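Report on the following structure.
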Amino acid sequence: MNGNVLLKMDNVSKTFPGVKALSGVSFTLRKGEVHALMGENGAGKSTLIKVLTGVHAMDKGEVQLKGRTITARSPQEAQTLGISTVYQEINLCPNLSVAENLYIGRVPKRRGSIDWKRMNEDSERLLKRLNLNLDVKQPLSGFSVAIQQMVAIARAVDMSSGVLILDEPTSSLDNQEVQQLFDVMRKLRDEGMGIVFVTHFLDQVYDITDRITILRNGALVGEYETSKLSKSSLVSNMIGREWREEDEHRKKEKSYSSEVMMSTQALTRVGSVKPVSLSVRKGEVVGLAGLLGSGRSEFANLIFGIDQSDSGILTLGSETFQSMNPKKAIRKGVGFCPEDRKVAGIVGELTIRENIVLALQAKKGIFNYIPLKKQQEIARKFIDLLRIKTPSMEQRIDNLSGGNQQKVILARWLATDPSLLILDEPTRGIDVGSKGEIRKLILDLAKSGLSILIISSELQEMIECADRIVVLRDRMQVGEISGDHMTETNIMKMIAEGGGTHEQYSQTGS
Amino acid sequence: MKLNLRINQNNIIIFSTLLLIVLLYGAGSVLYTGFFTWQVFFNLFIDNAYLIIVATGLAFVIITGGIDLSVASVVAFISVVSAALLQEGMNAYVVMAICLIIGIMFGAAQGYLIQRFNLHPWIVTLAGMFLARGASYFITTQSIVIENATYTAISKFKINLVGSNFISVSVVIALAVVAVAVYVAKYTEFGRSVFAIGGSERSAMLMGLPVPRITVLVYTISGFCSALGGIVFTFYMLSGYNLHLMGMEMDAIAACVIGGILLTGGFGYLVGPLLGVICSGIIQTIVMYQGTLSSWWTKIAVGFLLFLFILLQRVIVIRRQRRRVISHAAEKPTASGGDRRTPASI
Ligand SMILES: Nc1ncnc2c1ncn2[C@@H]1O[C@H](COP(=O)(O)OP(=O)(O)OP(=O)(O)O)[C@@H](O)[C@H]1O
Ligand SMILES: [Mg+2]
């Protein structure tokens with residue numbers, strides 16, 4: 001052991017009722033390194049972090065910080081020890097202002113009272129470092145998940161001394177924001193801090209980390225230097241069987257017929273979506289590309305009726321609608337897997353089974369009760385199909401790991417047997433292995449005649465699934481590409497240049 | 001302290017309450033002669049000083065997302081304890097100190113049970129409510145009249161304001177409590193943590209706030225305010241009786257709601273309970289002036305108001321949730337901020 005070791009966890013075990021989440025895991029973090037913690041959904045990454053920071057008590061094991069044995073009994077104690085954390089679920093208070101969320105627990109004071117002016121100024125300065133210009137006096141709830149995630153990161157970074165832990169901090173960020181975060185992380189690393197970084201984006205792992213620790217089923221697989229571990233052996237180690245990076249493959253066979261399943265004509269919502277006209281045929285997979293905030297999720301919200309459109313026409317099958325609401329949309333065979341699962345997706349108090357049949361029950365109406373046996377059958381089917389890692393379908397869903405919760409939401413909408421499925425970031429927070437499965441599932445569903453509208457920040461994923469990709473920019477439909485023209489470069493170009501059709505959006509300075 | 005008087009979703013309830021107060025008071029003044037006088041206005045405070053104190057303490061609990069049903073019983077208990085001790089000839093100031101200590105310990109005990117054993121506040125404080133009432137029965141079932149010189153002096157003491165109109169010592173205490181509460185809520189770390197817990201207890205815990213301690217403290221404050229309210233009420237009534245103020249906890253909760261404290265926690269201004277109390281006080285006065293109406297009309301009117309305000313709260317919460325989705329698009333930079341995210345550089 002050299003003197004460089006900052007944090008050392010030894011032989012840590014943790015059992016939840018019915019689940020051995022960690023068994024004898026050891027983990028070493030050195031000064032001045034970014035250390036990736038990798039593993040499939042439910043491997044125990046978040047649990048390791050929570051045990052370290054005192055959210056859960058560990059059953060067995062020892063933690064040493066700078067050579068001293070420590071036991072943090074609460075996140076507060078962990079913070080005092082210099083360990084600051086961004087947990088996987090966003091841990092901020094939506095009712096407080098952005099500034100308060102950044103500083104609560106350590107607010108600047110003047111003569112014993114909170115110095116609001118200084119707090120607001122400090123907050124602005126702090127966020128500027130991450131290139132964010134927000135009205136910090138506004139309550140946090142008014143901002144998007146991405147911004148909230150950035151705020152959580154800013155708080156943790158600013159508080160950190162020694163150890164910074166980031167559990168999937170980049171799940172809602174776009175590339176630009178990720179790069180900004182990485183710049184900050186590099187700087188902190190050079191200052192001698194130890195950073196633990198959890199992500200399912202392999203590219204990010206190779207971009208920023210120095211070392212990788214891999215967990216599988218709650219057990220340690222090993223610690224590796226990033227530069228000496230190939231992508232395929234990384235994934236093989238994670239999933240426990242041979243894995244080879246597949247060649248870039250694109251959807252080859254056309255699965256769609258000429259029958260139009262859904263179409264919109266100049267569907268508009270003032271301030272969120274400028275007129276969008278597109279159609280999806282039966283069995284077709286259409287991708288919606290664009291940067292965060294380009295209007296792609298907002299458009300999906302219009303189709304499902306979460307937001308009301310101001311003008312334009314929506315056609316589903318042979319019926320046209322002026323306005324939509326989620327209940328009607330479900331009845332008409334639309335399924336919607338939302339982007340923000342914590343807010344719009346899971347019902348934390350219900351079990352996995354109940355969460356899965358929720359939308360189906362809504363579709364059938366509450367008087368048409370689905371018998372328990374049938375419910376169990378459905379739940380079992382999707383737990384197997386999506387490889388949801390849980391001891392039982394009667395677990396409360398908020399006891400699942402983040403990625404597995406996402407799978408449950410996906411299952412909920414697949415269970416309704418929809419004719420049009422809208423998937424907004426369906427693989428966010430889902431591990432590499434399962435991503436492939438879900439992609440395969442999407443293609444199979446399309447083949448069986450389901451129409452799919454998919455939104456994903458991972459362009460490669462869309463290219464692999466979609467027949468056609470519609471590009472949005474600044475809440476405006478700017479173009480469409482299909483077939484062999486669908487490459488990341490082409491799409492990025494179109495996002496940047498607005499397809500050449502809208503000069504007013506052409507970029508300066510790039 | 002700079003006041004920001006822009007109406008927004010956070011303060012709209014406070015503004016509606018203020019407007020309501022003006023309207024009600026205006027209506028009373030138009031309808032009844034002698035209504036529009038300083039003394040009638042001051043009487044609102046004099047008659048309700050105890051309720052203002054109790055509701056303000058309760059507001060802290062409600063903001064964390066909890067509830068304290070024991071407040072009225074504690075007030076009655078304190079009145080009985082004071083009367084009994086004074087009857088024994090104990091020094092008035094010692095009695096007051098004992099009362100406050102009882103309130104603090106009672107509140108802290110409730111908070112500890114709720115926090116430590118993760119019990120629902122409804123259950124614990126409901127038990128506390130019966131306990132406090134029962135304990136007053138235990139001391140005496142009779143109403144005890146207070147003849148202590150200090151108490152009667154304080155009770156009779158008039159502070160002249162605006163000519164010969166006056167307020168009582170209790171009003172000063174009540175307003176001081178409100179002022180301190182407003183300060184604590186806005187300018188102390190504790191106050192903000194109370195709001196944080198109301199926003200999301202789990203997040204507050206993960207952010208490293210001392211959630212257990214704050215939870216206990218909040219119930220302690222409520223207990224303290226109930227005891228203080230009890231003392232003030234004793235000044236007002238000059239008697240101790242275990243049947244005093246049956247169901248007053250609901251008046252306190254109603255005052256909070258009408259004053260814009262969200263029952264689900266996380267939102268509200270600490271002047272709110274004061275305004276809520278004044279609001280129902282005016283209604284009561286109008287009913288009194290009317291003369292022919294039964295006093296139950298106050299309850300009916302307050303009930304109706306409550307219904308309206310809860311509806312208003314609900315609408316605001318829904319609006320707030322909806323705004324999330326929309327603002328997602330709105331906050332992103334448009335053409336002017338475009339250089340921030342130059343896509344080509346990705
Ligand atoms: N509070 C809890 N109660 C019961 N089981 C839990 C609890 N938290 C986690 N688990 C279980 O522990 C296991 C590990 O979960 P953990 O959240 O650590 O996974 P993870 O590696 O972070 O996965 P992901 O990549 O999906 O976030 C899972 O099987 C999960 O169901
Ligand atoms: Mg996790």
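Here region A:141-158 is the region considered, the condition is being modelled with pLDDT under 90 and within 11 Å of another protein chain (Cβ to nearest Cβ), and the residue that is nearest to residue B:200 (Cα to Cα) is A:141. In a residue-by-residue description of region A:16-25, the property of being in a strand (DSSP E or B), touching a strand residue (DSSP E or B) at 6+ places or on another chain (Cβ under 7 Å), more than 16 Å from ligand 2 (Cβ to nearest atom) and open to solvent by 10 Å² or more (accessible area, probe 1.4 Å) applies to at least one position. Listed conditions (1) within 16 Å of ligand 1 (Cβ to nearest atom); (2) assigned to a strand (DSSP E or B); (3) of a type outside the set (Ser, Thr, Tyr); (4) open to solvent by less than 10 Å² (accessible area, probe 1.4 Å) are all met by residue A:61, apart from (4). Residues that are modelled with pLDDT of 90 or more, in contact with a Leu (Cβ under 6 Å, 6 or more places away or on another chain), within 16 Å of ligand 1 (Cβ to nearest atom) and not assigned by TED's automatic domain parsing to the domain that holds residue A:388: does region A:98-108 have at least one? The answer is no; no qualifying residue exists. Considering region A:370-383, the residues that are open to solvent by less than 20 Å² (accessible area, probe 1.4 Å) and not small (Gly, Ala, Ser) include one that is nearest to ligand 2 (Cβ to nearest atom), namely A:383. Across region A:228-251, not a single residue is classified as open to solvent by 10 Å² or more (accessible area, probe 1.4 Å), within 16 Å of ligand 2 (Cβ to nearest atom) and not aliphatic (A, V, I, L, M).
Taken as a whole, the structure places residue A:470 among residues that are open to solvent by less than 30 Å² (accessible area, probe 1.4 Å), touching a residue at least 24 places away in the same chain (Cβ under 8 Å) and over 19 Å from residue A:380 (Cα atoms). If only residues of region A:384-398 that are surrounded by 18 or more Cβ atoms within 10 Å (Cβ to Cβ) and within 16 Å of ligand 2 (Cβ to nearest atom) are counted, the one that is farthest from the chain's Cα centre (by Cα) is A:395. Filtering region A:399-434 to residues that are away from ligand 2 (no atom under 14 Å from the Cβ), of a type in the set (S, T, N, Q) and farther than 30 Å from residue A:318 by Cβ leaves only A:427. Can you find, within region A:70-83, the residue that is surrounded by the fewest Cβ atoms within 10 Å (Cβ to Cβ) among those that are within 9 Å of chain B (Cβ to nearest Cβ) and more than 26 Å from residue A:406 (Cβ to Cβ)? If we take residues in region A:70-83 being within 9 Å of chain B (Cβ to nearest Cβ) and more than 26 Å from residue A:406 (Cβ to Cβ), then A:80 is surrounded by the fewest Cβ atoms within 10 Å (Cβ to Cβ). Of the helices (runs of 4 or more DSSP H) contained entirely in region B:165-227, those carrying at least 1 residues that are out of contact with any Lys or Arg (no Cβ under 7 Å at 6 or more places or on another chain) and over 22 Å from residue A:102 (Cβ atoms) fall at B:169-187. The criterion of at least 3 residues that are of a type outside the set (Asp, Glu) and within 16 Å of ligand 1 (Cβ to nearest atom) is met by the following strands (runs of 3 or more DSSP E) wholly inside region A:149-219: A:194-198, A:211-216. Inspection of region A:40-57 finds no residue satisfying the criterion of being in a strand (DSSP E or B) and farther than 20 Å from residue A:198 by Cβ.
Would you say residue B:264 is open to solvent by 10 Å² or more (accessible area, probe 1.4 Å) and assigned to a loop (DSSP other than H, G, I, E, B)? Spelling it out, residue B:264 is indeed open to solvent by 10 Å² or more (accessible area, probe 1.4 Å) and assigned to a loop (DSSP other than H, G, I, E, B).
What tally of residues in region A:252-272 results from selecting those that are under 20 Å from residue A:316 (Cβ atoms) and within 14 Å of chain B (Cβ to nearest Cβ)? Looking only at that region, the number is 2.
The residue pairs whose first member lies in region A:109-138 and is over 24 Å from residue A:176 (Cβ atoms), whose second member is assigned to a helix (DSSP H, G or I), and whose beta carbons are closer than 6 Å, counting only pairs six or more residues apart or on different chains, are A:113/B:187; A:114/B:187; A:119/A:99; A:119/A:103; A:120/A:99.
You will find that of A:48, A:52, A:29, the residue that is within 22 Å of residue A:206 (Cβ to Cβ) and within 16 Å of ligand 2 (Cβ to nearest atom) is A:48 and no other. When each of A:95, A:91 is tested for being in a loop (DSSP other than H, G, I, E, B), touching a Pro at 6+ places or on another chain (Cβ under 7 Å), within 10 Å of chain B (Cβ to nearest Cβ) and not hydrophobic (A, V, I, L, M, F, W, C), the lone residue that passes is A:95.
Here is a yes/no grid of residues against (1) touching a Phe, Trp or Tyr at 6+ places or on another chain (Cβ under 7 Å); (2) more than 16 Å from ligand 2 (Cβ to nearest atom):
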| position | (1), (2) |
| --- | --- |
| A:106 | no, yes |
| A:109 | no, yes |
| A:119 | yes, yes |
| A:125 | no, yes |
| A:155 | no, yes |
| A:172 | no, no |
| A:175 | no, yes |
| A:196 | no, no |
| A:205 | no, no |
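Total residues in region B:118-151 satisfying the condition of being open to solvent by less than 30 Å² (accessible area, probe 1.4 Å) and hydrophobic (A, V, I, L, M, F, W, C): the figure is 4. Looking only at region A:39-57, decide whether some residue is without any contact (Cβ under 8 Å) to a residue 12 or more places away in the chain and either of a type in the set (A, V, I, L, M) or assigned by TED's automatic domain parsing to the domain that holds residue A:150 (or both). No, that holds for no residue. The residue of region B:212-236 that is farthest from residue B:50 (Cα to Cα), among those that are within 14 Å of chain A (Cβ to nearest Cβ) and touching a residue at least 40 places away in the same chain (Cβ under 8 Å), is B:212. Looking at the structure I just gave you, is residue B:175 at pLDDT 95 or above, more than 19 Å from residue B:51 (Cβ to Cβ) and open to solvent by 40 Å² or more (accessible area, probe 1.4 Å)? Considered against the rule, which asks whether it is at pLDDT 95 or above, more than 19 Å from residue B:51 (Cβ to Cβ) and open to solvent by 40 Å² or more (accessible area, probe 1.4 Å), residue B:175 comes out as no.
Does residue A:236 satisfy the condition of being hydroxyl-bearing (Ser, Thr, Tyr), in contact with a Phe, Trp or Tyr (Cβ under 8 Å, 6 or more places away or on another chain) and either modelled with pLDDT of 90 or more or not in a strand (DSSP E or B) (or both)? Against the criterion (hydroxyl-bearing (Ser, Thr, Tyr), in contact with a Phe, Trp or Tyr (Cβ under 8 Å, 6 or more places away or on another chain) and either modelled with pLDDT of 90 or more or not in a strand (DSSP E or B) (or both)), residue A:236 qualifies.
Every condition in (1) in contact with a strand residue (DSSP E or B) (Cβ under 7 Å, 6 or more places away or on another chain); (2) within 14 Å of another protein chain (Cβ to nearest Cβ); (3) among the polar types (S, T, N, Q) holds for residue A:226 except the one numbered (2).
The values are calculated or read from the model by the stated rules, or taken from the named source; none is laboratory data. Bear in mind the structure is a predicted one, so any value in this text is a computation, not a measurement. Quick reminder, even Gly has a Cβ in these numbers, built from the backbone with ideal geometry, and neighbours come from all protein chains shown. Side chains included, ligands, DNA and RNA excluded: accessible areas come from the protein's heavy atoms. Shrake-Rupley method; radii C 1.70, N 1.55, O 1.52, S 1.80 Å.
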